[in-house]
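First comes the structure, then the notes that go with it.
Any read-out appearing in this document is the output of simple, stated calculations on the displayed coordinates, not a laboratory observation. All values derive from a computational prediction rather than experimental measurement. Because the Cβ atoms are built from the backbone with ideal geometry, glycine has one as well, and the counts that use them run over all protein chains shown.
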Amino acid sequence: MSMTEDELTAVVVDRLSATPDARLREITQSLVRHLHAFAKEVRLTDEEWFTGIQFLTATGQMCDDVRQEFILLSDTLGFSSLIDVINHSDVEALATEPTILGPFYVPESPVREFGASMVEYDDGGEAAVFRGVVTDTAGNPLSGAMLDVWQNAATGFYAVQQPDMQPATNLRGRYITDENGRYEIRTVRPVPYPIPADGPVGKLLGATGRHEWRAAHIHVKASKDGYEPLTSHVFDRESDYLDSDTVFGVKDSLIADFIPGPDGILVCEHDITLALLK
Ligand code: BEZ
Ligand code: FE
C-alpha cells in the first residue's frame, strides 16, 4: 500500500487517538503533526536526520546531575523563554515581567537583614547596592514580601559553579521587605558570562554563528502570600549582549541603571510589582 506524506501523518495522528488521557492525546497528536510538517517543509534527508539523531544522543550523554544539556538546548532555542511567556506573562496584570529561572538557582539561601551584604568572598567585583520597593498592581507597598536573589561573581561564575573557590552562599540571599515595602541588598555589579558551551549545544551555537553569552543580570524570585510568585531578572543597562542574550531572557522593562550614589558606590534601583493570585 503506497502512502502520501500527508496520509502517513494522518495515520500516525489517528493511531494516537485512543490515548486515554485527553491532555496526553492532544500533546502527542500535535507534536506528530508539527514534527512531520517540519521534515516536509525542509525536505529532511536521511543524512540530516541521522546527524540530528547523533546530536540528540550526544546531548543526552552530556547530561548528569549538574549538567543539563537538554535544558541548555531548550534555553538557546528560545523554548524555555516561550514556555515562560505562555505561562507567566500577563501584560494586563501590570505585574513585573517574568523571565527564565536558569540552572543556577539554589533554594534555602541565607535570610539576610535589610541592607546586609551577600558578598562572602572578595574577588574584586565592583561594589553595588541593589534596592527598590515591592508593590501590588495599584502601587501599594507590600511589606513582608520575600526576595530570593542570586547572581554571579566578578569571575563570571555562580558560587555553585566554583565550589572550591566561592563559599556556597556567596552572592545569594533571601531578603524581606520592610514596613514600606522596601528591600536593600549590598552586592557587587554582575558581569556578562558564557553559558556552558563545551558540549553539543555549544557546537550548535558555533555552527549557527551565535555566541554563548548572557547579558549581566541579577536573578530575583519575589513572593508574598496571596500574590502570584514572580521569577525574574534585573539587567545592567551598560552590559554587552542585551540585544543578543543567548537564551532570549532580556525584556526592556527589566533593564536598570547602575549609577554611583553620593558615596561613589553604584546603586541599582528596581521596583517590583506583584499581581494578586488568580
Ligand atoms: C542563568 O541565567 O543563570 C542561565 C540561564 C540559562 C542558561 C544558563 C544560565
Ligand atoms: Fe544567570
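Between VAL188 and ALA128, the built amide H atoms are under 5 Å apart, and every one of these is 5 or more places off in sequence or on another chain.
Quick one: which of 222-228, 166-172 comes out on top by average Cβ neighbours within 10 Å, and what's the full order, highest first?
Working: 222-228: 16.4, 166-172: 20.0.
The peptides rank, most packed first, as 166-172, 222-228.
Treating the beta-carbon of each Lys and Arg as +1 and of each Asp and Glu as -1, no other charges, what is the dipole magnitude of the chain about its Cα centre, to the nearest 20 debye? Provide the component values of the computation, followed by the final result.
Values: 22 positive and 44 negative charges, 66 e Å.
My answer is approximately 320 debye.
Semi-axes of the equivalent ellipsoid for the range 60-197, computed as √(5λ) from the eigenvalues of its C-alpha gyration tensor and ordered from largest down, come to 27, 23, 12 Å.
Across the range 1-116, C-alpha contacts under 8 Å between residues 6 or more apart give a mean separation that, scaled by the residue count, equals a relative contact order of 11 percent. Using C-alpha pairs under 8 Å with a sequence gap of at least 6, the mean separation divided by the residue count of the chain gives a relative contact order of 20 percent.
First obtain the Kirkwood hydrodynamic radius of the range 141-235 from its Cα pairs, then insert it into the Stokes-Einstein equation at 25 °C and 0.890 mPa s, and state the resulting D in µm² per second as a whole number. Working shown, then result.
Numbers: Rh = 15.2 Å.
Calculated translational D: 161 µm²/s.
Residue separation times 0.36 nm, minus the C-alpha to C-alpha distance between ASP225 and VAL32: what's the value? It would help to have the intermediate numbers written out before the result.
Working: separation 193, 0.36 × 193 = 69.48 nm, distance 4.06 nm.
Net length gain for the segment: 65.4 nm.
For the range 5-65, compute Rg over Rh where Rg is the Cα radius of gyration and Rh is the Kirkwood radius from the inverse mean 1/r over Cα pairs.
Working: Rg = 14.5 Å, Rh = 13.4 Å.
Using Cα coordinates only, the ratio equals 1.08.
Can you show me the helix-derived [θ] at 222 nm for the chain, built from DSSP H runs with n ≥ 4 at -39,500 (n - 2.57) apiece and divided by the number of residues, rounded to the nearest 500. Roughly -8500 deg cm²/dmol at 222 nm, from the helical runs in the chain.
Size of the range 198-274 from its Cα atoms: along the principal axes, largest to smallest, the extents are 44, 38, 20 Å.
Between ALA18, ALA153, ALA128, the GNM of the chain built on Cα springs shorter than 10 angstrom shows ALA18 fluctuating the most.
The order of the peptides 59-66, 43-50, 108-115 by mean Cβ neighbours within 10 Å, most packed first, is 108-115, 59-66, 43-50.
Distance between the pseudo-spin-label points of ALA39 and THR208 (7 Å out from Cα toward the beta carbon): 2.1 nm. When you count the other C-beta atoms within 10 angstrom of each residue and take the mean per peptide, 202-215, 27-40 line up highest first as 202-215, 27-40.
Only lysine pairs 8 or more places apart, or on different chains, with alpha-carbon atoms under 28 angstrom apart are counted in the chain, and they number 7. Sorting SER2, SER74, SER89 by the number of Cβ atoms found within 10 Å of their own Cβ, with the fewest placed first, yields SER2, SER89, SER74.
Distance between the 7 Å Cα→Cβ label points at GLU5 and LEU277: 4.9 nm. Computed over the chain, the range of Cα coordinates on each principal axis works out to 80, 41, 31 Å, biggest value leading. How many percent of DSSP beta bridges within the chain run antiparallel, rounded to 5? Antiparallel: roughly 75 percent of the beta bridges in the chain.
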